[in-house]
Amino acid sequence: MNKTITSIAAVFAATCVAPALAQQKVNPPIATYWMSIDTASGLPTGAGGAPSMMDIGRMMMGGGTGGGANRSMRLELGSQRSAGTPAAAHDIPAGLNMGSSLPLETPQRPQRAEPREDGMPENFEKPRGRLLIFWGCGEQAGSGQPYIIDFAKLAQGQVPPGLFGRRINVQRGPSQSRSKTYGDWPNPTDSTRVAADGSLRGEHVVKGNYSPDIRFTLSEKHDFMEPVNLAQRRSGGGVNLSWNSVANAQGYFATAMGSRDGGEDVVFWSSSNSREFGELLMTWLPPSEVARLVREKVVLPPSTTECTVPAQFTAAAPSAFLRFIAYGEEANFAHPPRPQDPKTPWNPEWAVKVRLKSTASALLGSEGGMGGGSHAGSAPAQQEPQGGGSAAPAVDPVQEGIKALRGLFGR
């Protein structure tokens, strides 16, 4: 009898609890649209807002450090609908000063292979020499530095242990390989320069024959970010970095990579409070991820405006290039809105993500200021785009980091 009562009570309890545990069914949208916005200052920028290896080589051999600020946009539309002859366009606000619309062209190129889960390319080759990793802000490096990875002791294709200190939530947007139909901008049809005085504020409309109509409005908070005005000065053998407080920045992160002439060692430093290679951090990150990394003292909080590269790094790498990122806000839109009743499935027609960052790059140790002149409130200078357009295609941050390593090691 007692067993029967116990069983009935258990069933009753399960029946009462089950609805509270029920999760709302969320179906993927028909169309997904991403706007990746960057304001880059300093060295000439390549894909993703980072200087190309060729640019870095020129800088290390005594070339100029560039200057001004360059705005770029990457627009990507992915849809689960097919179209015989795909056609789509983004109608932009008049204040952007780039005409009335930007064509989203379906690329006539082979689909790019998806990266491996460990972030390494399929044909990864073992580089030569060693990688020396420093970290932290201060004139002197902390204990246990540098962390050394000797590539001669690794098996062919083996991921170097300790190269990536933690898992980073890198966003994956629309792509040709994950969509039935895909379109992007800039493209061979249109690579119009992003106007230095343009604004993203206002109504945006995306229309195509393979997606629902998409409408959303951007406010001042989601306009182009201010340029980073980065200054450097020697300090006790190290290099002190200081920068302007960038409006709407969620946090900051800096890295430097260099070497000594004639040597095979590559030396890396990051502003993280703990060992962190940091290549995965030099791209757009969602604010929630930035907040987590600030709590873990990997990303510098938005109240920070200076950091010193340790003397041990500058001694080991007399020639080094510096990269800096200010993580911005993120806007997300979806239609129809998500039902409040968890019992009602959500079937969005479309979803939009607008993500922002402001970046800077320079030859480490070049004393003085560089950037877009935001301290003085002047309008940023327009830098000539590379390849005939102002906005270079965005790239996978993992692949770009590996390419940088392989390039520095002579691969």
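The values are calculated or read from the model by the stated rules, or taken from the named source; none is laboratory data. Since this is a predicted model, take the numbers as computed values, not measurements. Every residue, glycine among them, receives a Cβ derived from its backbone with ideal geometry; neighbour counts consider all protein chains shown.
Listed here are the residues, each with its yes/no results for (1) of a type in the set (Val, Ile, Thr); (2) closer than 19 Å to GLN140 by Cα; (3) part of a loop (DSSP other than H, G, I, E, B).
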position: ALA247; (1), (2), (3): no, no, yes
position: THR255; (1), (2), (3): yes, yes, no
position: PHE268; (1), (2), (3): no, yes, no
position: VAL294; (1), (2), (3): yes, no, no
position: VAL298; (1), (2), (3): yes, yes, yes
position: THR314; (1), (2), (3): yes, yes, no
position: LEU322; (1), (2), (3): no, yes, no
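Hey, does the stretch 230-246 have a residue that's within 20 Å of the chain's Cα centre (by Cα), hydroxyl-bearing (Ser, Thr, Tyr), at pLDDT 95 or above and surrounded by fewer than 22 Cβ atoms within 10 Å (Cβ to Cβ)? Yes, the stretch 230-246 contains a residue that is within 20 Å of the chain's Cα centre (by Cα), hydroxyl-bearing (Ser, Thr, Tyr), at pLDDT 95 or above and surrounded by fewer than 22 Cβ atoms within 10 Å (Cβ to Cβ).
From THR359, THR344, THR304, which residue is out of contact with any Leu (no Cβ under 9 Å at 6 or more places or on another chain), assigned to a strand (DSSP E or B) and of a type in the set (S, T, N, Q)?
On the way: THR344 fails: assigned to a strand (DSSP E or B); THR304 fails: assigned to a strand (DSSP E or B).
From the options THR359, THR344, THR304, the qualifying one is THR359.
Restricting attention to the stretch 278-287, and to residues there that are touching a helix residue (DSSP H, G or I) at 6+ places or on another chain (Cβ under 8 Å) and buried (at least 24 other Cβ atoms within 10 Å of the Cβ), which single residue is modelled with the lowest pLDDT? Outline the logic, then answer.
Pass one, the stretch 278-287, residues touching a helix residue (DSSP H, G or I) at 6+ places or on another chain (Cβ under 8 Å): 279-283, 285.
Applying the additional criterion that residues be buried (at least 24 other Cβ atoms within 10 Å of the Cβ) yields 279, 281-283, 285.
Details: GLU279: 78, LEU281: 92, MET282: 92, THR283: 93, LEU285: 95.
By that ranking, first place goes to GLU279.
Within the stretch 165-183, residues that are under 14 Å from PRO29 (Cα atoms) reach partners that are charged (D, E, K, R) and surrounded by fewer than 15 Cβ atoms within 10 Å (Cβ to Cβ) with beta carbons closer than 9 Å, at six or more positions or on different chains, in the pairs ARG178/GLU114; ARG178/ARG172. Residues in the stretch 263-287 that are under 14 Å from the mean Cα position of the chain (by Cα) and of a type outside the set (D, E, K, R): GLY278, LEU280, LEU281, MET282, THR283, TRP284, LEU285, PRO286, PRO287. Need pairs with beta-carbon distance below 9 Å; first residue under 18 Å from ALA254 (Cα atoms) and polar (S, T, N, Q) and within the stretch 128-148, second part of a loop (DSSP other than H, G, I, E, B) and modelled with pLDDT of 95 or more; sequence gap 6+ or separate chains. Correct list of pairs: GLN140/PRO310; GLN145/GLY136; GLN145/PRO310. Selection over the stretch 295-343 of residues that are more than 19 Å from ALA249 (Cα to Cα) and in contact with a Cys (Cβ under 7 Å, 6 or more places away or on another chain) gives a count of 1. For beta carbons closer than 6 Å, sequence separation of 6+ or different chains, a first residue in the stretch 327-344 that is under 26 Å from MET35 (Cβ atoms) and in contact (Cβ under 8 Å) with a residue 12 or more places away in the chain and a second that is surrounded by 15 or more Cβ atoms within 10 Å (Cβ to Cβ) and among the aliphatic types (A, V, I, L, M), the qualifying pairs are TYR327/LEU285; TYR327/VAL290; GLY328/MET225; GLY328/LEU356; GLU329/LEU356; ALA331/VAL354; PHE333/VAL352; ALA334/ALA351.
Within the stretch 185-214, the residues that satisfy the criterion of being under 23 Å from SER175 (Cα atoms), of a type in the set (S, T, N, Q) and within 23 Å of the chain's Cα centre (by Cα) are ASN187, SER191, THR192.
If you check ILE56, ILE37, which single one turns out to be modelled with pLDDT of 50 or more and more than 30 Å from GLN340 (Cβ to Cβ)? The unique qualifying residue is ILE37.
What about SER274, is it surrounded by fewer than 23 Cβ atoms within 10 Å (Cβ to Cβ) and part of a loop (DSSP other than H, G, I, E, B)? Can you show your working first?
Details: surrounded by fewer than 23 Cβ atoms within 10 Å (Cβ to Cβ): yes; part of a loop (DSSP other than H, G, I, E, B): yes.
It is true that SER274 is surrounded by fewer than 23 Cβ atoms within 10 Å (Cβ to Cβ) and part of a loop (DSSP other than H, G, I, E, B).
ILE149: part of a loop (DSSP other than H, G, I, E, B), crowded, with 16+ Cβ neighbours inside 10 Å and modelled with pLDDT under 90, yes or no?
no
Here is a check on your reading of the model: is ALA291 surrounded by fewer than 24 Cβ atoms within 10 Å (Cβ to Cβ), of a type in the set (A, V, I, L, M, F, W, C) and either touching a His at 6+ places or on another chain (Cβ under 9 Å) or free of Cβ contacts under 8 Å to residues at least 60 places away in the same chain (or both)? Step through it out loud before you land on a result.
Working: surrounded by fewer than 24 Cβ atoms within 10 Å (Cβ to Cβ): yes; of a type in the set (A, V, I, L, M, F, W, C): yes; either touching a His at 6+ places or on another chain (Cβ under 9 Å) or free of Cβ contacts under 8 Å to residues at least 60 places away in the same chain (or both): yes.
In short, yes.
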